[in-house]
Amino acid sequence: MATYVFSDVHGHFGTLDRLLERVSPSSDDKIFMLGDMIDRGPDPISVVKCCHSLPNTTVLMGNHEDLMLSYYANPDDLGSQFNWEINGAWPTQEGFHKLPPDERVELARWLFTLPLYAQTEVNGRRYLLVHAGIDPKAIKYEGVETWDEEALDKLVGDQYRDDLMWIREDFWGYPTGLVNDRGEGPIVIAGHTPTRYLDNMADLPDRSSVGDNGLCQMVRVGACEETGNVADRWDIDCGCAGGAGFGQLLMLRLDDGEEIYEAVREGE
């Protein structure tokens, strides 16, 4: 059994379909999708339907799903409409309204139930999975010896909901404090911020945000003496929102750290 994580497909179903064909997850594998299935790309509804039907998959709420649901919860609110539209709503709106009513209702109900975070443990290491990150300044449990599932649930409970879906600089620029000087503790994996943007906000990135193919690649952040040289934050948003020539989609296997990429092609 393997554990996979991916994020921020942003409507590029063709890219996701090819990546899943390459990875070919088994029925025993666990998959975590960290949000932002929709908007910007040409086929967001196919991405939603695919993620909804993937076996053993936990899908998190991203800021784009939240924008969509805020609008549909109150369609007369011009502010909600504007906020969603300036963030690339049109392909999602068009596709959503083309669905048969029963299917539209089923997907909407599912989207409203998406959690804001998840946890998993692989090879003795606990991972906290969230769309955008956490605010280290909001952590109230300093000196915790063991960041087990219960302790992490309490930590996330003290976070502002919007931070879990929108935070950038205050997460990537500061250590979480969850990994001790022996390298023990949970690693936070997030998307939301395309890795190329980390060049101006991340402390201690482990490598360039641009791979040998000129496209975004994942970046691990924060390895230092205080963390036992373990990176405490991993950014897996490899820029699908930017389309062909900028981004690619990553499927990260936590068991061995293998990074499996699929580039966004023109027209998809």
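The values are calculated or read from the model by the stated rules, or taken from the named source; none is laboratory data. A quick note: this is a predicted structure, and the numbers were derived from the prediction, not measured. Note that we place each Cβ from the backbone using ideal geometry, even for glycine, and neighbour counts take in every protein chain shown.
Of everything in region 44-64, what is over 26 Å from Met1 (Cα atoms) and surrounded by fewer than 22 Cβ atoms within 10 Å (Cβ to Cβ)? Give them in sequence order. Those that are over 26 Å from Met1 (Cα atoms) and surrounded by fewer than 22 Cβ atoms within 10 Å (Cβ to Cβ): Ser46, Asn63. Checked against the criterion of being touching an Asp or Glu at 6+ places or on another chain (Cβ under 6 Å), of a type in the set (Lys, Arg) and more than 23 Å from Pro44 (Cα to Cα), region 131-142 contains one or more residues that satisfy it.
Looking only at residues in region 142-154 that are among the hydrophobic types (A, V, I, L, M, F, W, C) and without any contact (Cβ under 8 Å) to a residue 24 or more places away in the chain, the one that is surrounded by the most Cβ atoms within 10 Å (Cβ to Cβ) is Val144. Here Glu150 meets each of (1) touching a Ser or Thr at 6+ places or on another chain (Cβ under 7 Å); (2) farther than 18 Å from Gly242 by Cα; (3) outside any loop (DSSP other than H, G, I, E, B) with one exception, condition (1). Only one of the listed residues (Asp163, Asp203, Asp181) is touching a helix residue (DSSP H, G or I) at 6+ places or on another chain (Cβ under 8 Å), surrounded by fewer than 23 Cβ atoms within 10 Å (Cβ to Cβ) and assigned to a helix (DSSP H, G or I). That residue is Asp163.
If you go through region 150-181 and keep only what is in contact with an Asp or Glu (Cβ under 8 Å, 6 or more places away or on another chain) and within 19 Å of Ala118 (Cβ to Cβ), you end up with Gln159, Tyr160, Asp163, Met165, Ile167, Phe171, Thr176, Leu178, Val179. Within the span defined as region 226-248, one or more residues are in contact with a Gly (Cβ under 7 Å, 6 or more places away or on another chain), part of a strand (DSSP E or B), among the basic types (Lys, Arg) and at pLDDT 95 or above. A single member of Leu152, Leu114 is touching a helix residue (DSSP H, G or I) at 6+ places or on another chain (Cβ under 7 Å) and of a type outside the set (Val, Ile, Thr), and it is Leu114.
Whenever a residue of region 16-32 is more than 17 Å from Met1 (Cβ to Cβ), its partners that are in a helix (DSSP H, G or I), lying with C-beta atoms within less than 7 angstrom and at least six residues away or across chains, give the pairs Leu16/Val47; Leu16/Cys50.
Taking residues in region 94-115 that are farther than 25 Å from Arg161 by Cβ, and partners anywhere that are assigned to a helix (DSSP H, G or I) and among the β-branched types (Val, Ile, Thr), the pairs with Cβ atoms closer than 6 Å and at least 6 places apart or on different chains are Gly95/Ile45. Annotation: of all residues in region 214-240 being surrounded by 24 or more Cβ atoms within 10 Å (Cβ to Cβ) and farther than 30 Å from Asp181 by Cβ, the one that is farthest from the chain's Cα centre (by Cα) is Cys216. Any residue in region 65-79 that is under 22 Å from Thr193 (Cβ atoms), free of Cβ contacts under 8 Å to residues at least 12 places away in the same chain, surrounded by fewer than 18 Cβ atoms within 10 Å (Cβ to Cβ) and not acidic (Asp, Glu)? No, region 65-79 contains no residue that is under 22 Å from Thr193 (Cβ atoms), free of Cβ contacts under 8 Å to residues at least 12 places away in the same chain, surrounded by fewer than 18 Cβ atoms within 10 Å (Cβ to Cβ) and not acidic (Asp, Glu). Comparison of His64, His52, His10, His97 shows that the only residue that is of a type outside the set (Val, Ile, Thr) and within 20 Å of Leu252 (Cβ to Cβ) is His10.
Annotation: of all residues in region 184-199 being out of contact with any His (no Cβ under 8 Å at 6 or more places or on another chain) and closer than 21 Å to Gly247 by Cα, the one that is surrounded by the most Cβ atoms within 10 Å (Cβ to Cβ) is Thr195. Scanning region 241-262 for residues that are surrounded by fewer than 17 Cβ atoms within 10 Å (Cβ to Cβ), free of Cβ contacts under 8 Å to residues at least 60 places away in the same chain and not aliphatic (A, V, I, L, M) yields Gly245, Asp256, Gly257, Glu258, Glu259.
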